[in-house]
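The values are calculated or read from the model by the stated rules, or taken from the named source; none is laboratory data. These figures come from a predicted structure and were not determined experimentally. All Cβ positions, glycine included, derive from the backbone under ideal geometry; neighbour counts span all protein chains shown. SASA here: full protein model, heavy atoms, side chains in, ligands and nucleic acids out. Shrake-Rupley method; radii C 1.70, N 1.55, O 1.52, S 1.80 Å.
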Amino acid sequence: MIKVMLISKIDAVLSNIRKLITDEDLSVIAQAAGGESALDKIENTSPDILIINSGINDTDAINLAERITQYKPKIFVILIVEDMTVDVLNAANSAGVHNIITLPDTAKELCDYIHTIYNKEKSRLNALNENQRVRWSSKVITIFGAKGGLGKTTISTNLAIKLAEQNKKVALIDLDLQFGDVHIFMDIDPKETLADLMQDVYEPNIDSVRTYMTVHPSGVNVLCAPKSPEYAEIVSAERMQSLLSLIRSYYDYVIIDTASDFGDVTLSAIEASTMILFVTGLDISILKNSKLSMSLLESLKQKNKVRVIVNRAVEINTISVADVQKIIDAPIIARIPSDYPVAVAALNRGQPFVQSAPKSKLSLAIGDIADILIKGTDNFDIQQLTPKERRALIRRYKTKDKTLKSSFFAKK
Ligand SMILES: Nc1ncnc2c1ncn2[C@@H]1O[C@H](COP(=O)(O)OP(=O)(O)OP(=O)(O)O)[C@@H](O)[C@H]1O
Ligand SMILES: [Mg+2]
């Protein structure tokens, strides 16, 4: 049953409309002349359809229609006008009302119109809610690190592919604007880059953005960095922000690889992110820079998004993962072992190791990170786990090197 409410200042019009609503699926649940009493009745009866009769230059009717479309978007408004003039149409359009008719002659015409509008608006609302859901669930993840060569691109490319292997829609953006090398890691030959997109299209939509992306065989859609450092400045922080808010609603994951600086463009990505995967390592120079970066992220109110990855976690006596935790003071969600032959062979072949060496320790570690992201279980810190939880995690790493395991998970 569709609940209909009628509003008109003229009693005769009210009864005319009422007489035409004969369909048994439509029920007139209330009527009013307008003003506050109309608002009260709307509040109390929650109609599905509100039919508002608007006289000539009837600003009250238009204002009411505007308030309802704005504040009660689940109530669909139909405006019945005396004359369909350009002025009336403009006024209705600027009030956000798009369903306008003159009073039909027959009951069937009016009832059919109400049904059509109800179905059309209902599916529009559902589509809107669906997009909302996608928007909320889509994750924008910036891979950041306080120094060059930490493994940001290695992690970005392999993680993007691993997520795509789990049937996720993944976009990978190379925001290392001067020396981006995602295309080399993935052995793709981009026809267009982020700089071309920024230069050619001022108000992009998702279709135009896609024509500037290169599709990797894994299904990951890659927006590559400019081909030469001098094009970096074409990419501005402001436009990056609007590009990200456009892209994020079409992908499950947007992975952003960065250069290790706090430039405006990097900051716009960090701010737009739902998570910052902060890559660090076990040497004192990296940790010094990491600590500085973390305090900057804290002052920018971004620290709560940080999850730390310790890359090339090798057993050394001087610095342990527990020390990293103390220095950086953010949850460590993963460590990736060091395996130079696998990492470099993959890079030189242009085939990321999750594809070329899927059973390697490196690939298993990336697989674990993808798992954590998909399950949303990133809210732990290896150093804060109970002994039982630590044992469960150790089992997942499947490494044979017992010293490495216990040193990594040890609570010091
Ligand atoms: N866990 C690892 N074990 C061994 N080698 C690794 C590991 N991770 C990355 N590497 C190697 O380290 C080098 C630097 O990695 P990568 O280019 O991913 O770092 P980056 O942080 O993106 O650097 P840049 O700041 O220059 O962009 C590469 O040769 C890569 O193969
Ligand atoms: Mg890199």
Inset, instruction - Any chance you could count how many residues in segment 324-341 are of a type in the set (A, V, I, L, M, F, W, C) and either within 16 Å of ligand 2 (Cβ to nearest atom) or open to solvent by 40 Å² or more (accessible area, probe 1.4 Å) (or both)? - result: 2
Inset, instruction - Scan segment 342-356 and give yes if some residue there is over 16 Å from residue 160 (Cα atoms) and touching a strand residue (DSSP E or B) at 6+ places or on another chain (Cβ under 9 Å), otherwise no. - result: no
Inset, instruction - Please identify the pairs in which a residue from segment 141-159 that is under 20 Å from residue 351 (Cβ atoms) and among the basic types (Lys, Arg) has its Cβ atom under 6 Å from the Cβ atom of a residue that is at pLDDT 95 or above and open to solvent by less than 10 Å² (accessible area, probe 1.4 Å), counting only partners at least 6 apart or on another chain. - result: 152/143; 152/145; 152/257; 152/279
Legend entry - Only listed residue being within 15 Å of ligand 1 (Cβ to nearest atom) and acidic (Asp, Glu), chosen from 283, 323: 283
Inset, instruction - Kindly provide the set of residues from segment 342-351 that are more than 26 Å from residue 382 (Cβ to Cβ), part of a helix (DSSP H, G or I) and more than 16 Å from ligand 2 (Cβ to nearest atom), ordered by number. - result: 345, 349
Inset, instruction - Could you please let me know if residue 276 is within 16 Å of ligand 2 (Cβ to nearest atom) and either hydroxyl-bearing (Ser, Thr, Tyr) or in contact with a strand residue (DSSP E or B) (Cβ under 6 Å, 6 or more places away or on another chain) (or both)? - result: yes
Inset, instruction - Return the only residue of 249, 268, 228, 236 being surrounded by fewer than 20 Cβ atoms within 10 Å (Cβ to Cβ), away from ligand 2 (no atom under 16 Å from the Cβ) and within 25 Å of residue 293 (Cβ to Cβ). - result: 236
Inset, instruction - Under 6 Å between Cβ atoms, at least 6 apart or on separate chains: pull out the pairs that start in segment 331-344 with a residue that is under 12 Å from residue 155 (Cα atoms) and end on any residue that is within 16 Å of ligand 2 (Cβ to nearest atom) and outside any helix (DSSP H, G or I). - result: 334/309; 336/311
